[in-house]
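See below for the structure under consideration.
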Amino acid sequence: MAKFIDRVVLHVSAGKGGHGCASVHREKFKPLGGPDGGNGGNGGDVVLEVDANVHTLLDFHFHPHAKAGNGKPGEGGNRDGKKGSELLLKVPDGTVVLDSDGEVLMDLVGAGNRFVIAKGGRGGLGNAALVSRARKAPGFALLGEEGEVRDVVLELKSVADVGLVGFPSAGKSSLVSVLSAAKPKIADYPFTTLVPNLGVVNAGDTTFTIADVPGLIPGASDGRGLGLDFLRHLERCAVLAHVVDLATLEPGRDPISDIDALEAELAAYKPALRGDASLGDLADRPRVVILNKADVPDAEDLADLVTPELRERGWPVYRISAVSHAGLRPLTFALAELVQQYREAHPKAEPKRPVIRPIAVDDSGFSVIPDPEEPGGFVVRGTRPERWVRQTQFDNDEAVGYLADRLARLGVEDELVRLGAEPGAPVTIGDVTFDWEPQIAAGADIVPTGRGTDVRLEQTDRVGAAERKHASRVRRGLVDEEDRE
């Protein structure tokens, strides 16, 4: 028998973007035919999709790590790398996605609903895509970005119209079995129901679903017993039905005290869902009281005693027997009427369209703040500068010069000057720290001195061949140290 799992922690990793290719076209009798390096492929996304045939999170319980495919690197001959394969994870209807802090990221309701849980990294541009008026044959390419890595929590909240509320062994599972074709486990001991049981009920022209969830005991809203597992599956139920046991033999229990205890727990529980995904607090849902096991001795007398008080609270009361099927037909149509009223008052919302928000005219796309850990240093934050740094191959001077030009055109250099940055000040962008050199003509058109080099980044303390030769002659005593050829 398959195990029911309704809460898992999932570790997802999107695919890594492929590196761009730095290649020069070579053909017989056509030397240096120009750059022809292709772009790297984007990394694959990790996507959650609702599947009507999936009813549990069991697969993620045994396989909590999910990784999409990496993008392939670009190749010469203007051949772009292949995009990484998307990883599609099927989840049950009613799955809620939360981040590690417990914030709701997405409420997946409705077959086919999708959510990109981790975005794949961008592929790096090849040198053919980096050609400009000043840089006609780039000797570098951009690196691919890492894919998004995150830990999320998946919680399954049953999607049902009617939720049965009651103490353990109140007869909830028996009621579901006689109202629908569902066959839940039934036995006379506490917590027989350990997982939600869903049934489909037909009442005339109305079809609705009914949920039997784990039994409730006092303190459930604080997690006692199966409390939170019980209450979580009631968040989506439009109607709550109290199932009361008229034949309980436990001392100190009676229908009124049972309902009061149930109501106290419903009022104390705060649903995790908010906004469009929520139906409001559990205490505000329509109520129905079902007095079960009315066929046992003295049950009718007890029902006659408590019915007036329950009706004074404005709740309809129905006496039934799940064993003899007495009173089931009136109950079925009453529940169907309440469900129909809710559906008419709350029509299904139309699918949300993607909202495109243009960048404001005065938005520079970055910010520069003083470094709180490095006196005199600065930290540059922003999506574009941080992405550019991740794409840069720092062992290639031409690639570093290209990064400096991009940052200068974005306005980072001017902002550092405005904030009073001194030459040599440490400037941190993402995970990389630079020594700021304002005398470098970043952003200006330059004539490249060679593939993979940039004259602006040449080290002034580098010893040349002439100086090494002169030092050698001085050591051998052939010339004085002051003599220069």
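The values are calculated or read from the model by the stated rules, or taken from the named source; none is laboratory data. Every value quoted in this text rests on a predicted model; they were computed, and no experiment measured them. In this analysis, Cβ positions are derived from the backbone assuming ideal geometry, glycine residues included, and neighbour counts consider all displayed protein chains. What goes into the accessible areas is simple: the full protein's heavy atoms, side chains included, and nothing from ligands, DNA or RNA. Shrake-Rupley method; radii C 1.70, N 1.55, O 1.52, S 1.80 Å.
Taking amide H atoms as placed 1.01 Å from N in the peptide plane, the amide H of R79 lies under 5 Å from those of G38, each 5 or more residues away in sequence or on another chain.
For the peptides 376-384, 309-317, the ranking by packing is 376-384, 309-317, with the highest mean count of neighbouring Cβ atoms within 10 Å listed first. Under 19 Å from a point placed 7 Å out from the Cα of F333 along the Cα-to-Cβ direction: which residues of the range 280-323 have their backbone N that close? From the range 280-323, the list is 288-291, 316-321.
The residues of the range 7-156 present an accessible area of 50 Å² per residue when probed at 1.4 Å with all protein chains retained.
Amide hydrogen proximity for A425: with H placed 1.01 Å from N in the peptide plane, the residues at 5 or more positions away or on another chain lying under 5 Å are W436. Greater than 26 Å separation of Cα atoms is the criterion. Which listed pairs, K28/K82; K28/K136; K28/K83, meet it? Too far apart for the 26 Å limit: K28/K82; K28/K83. Shown is the FRET efficiency for E344 and K90, computed with R0 = 22 Å from the Cβ-Cβ distance and rounded to the nearest 0.05: 0.10. At an R0 of 60 angstrom, the distance between the Cβ atoms of E373 and A111 translates into a FRET efficiency of 0.75. A Förster distance of 30 Å, applied to the separation of the beta-carbon atoms of E309 and N202, puts the FRET efficiency at 0.35. Take the alpha carbon atoms of the range 323-345, find their center, do the same for the range 36-92, and report the distance between the two centers in whole angstrom. Answer, in whole Å: 46.
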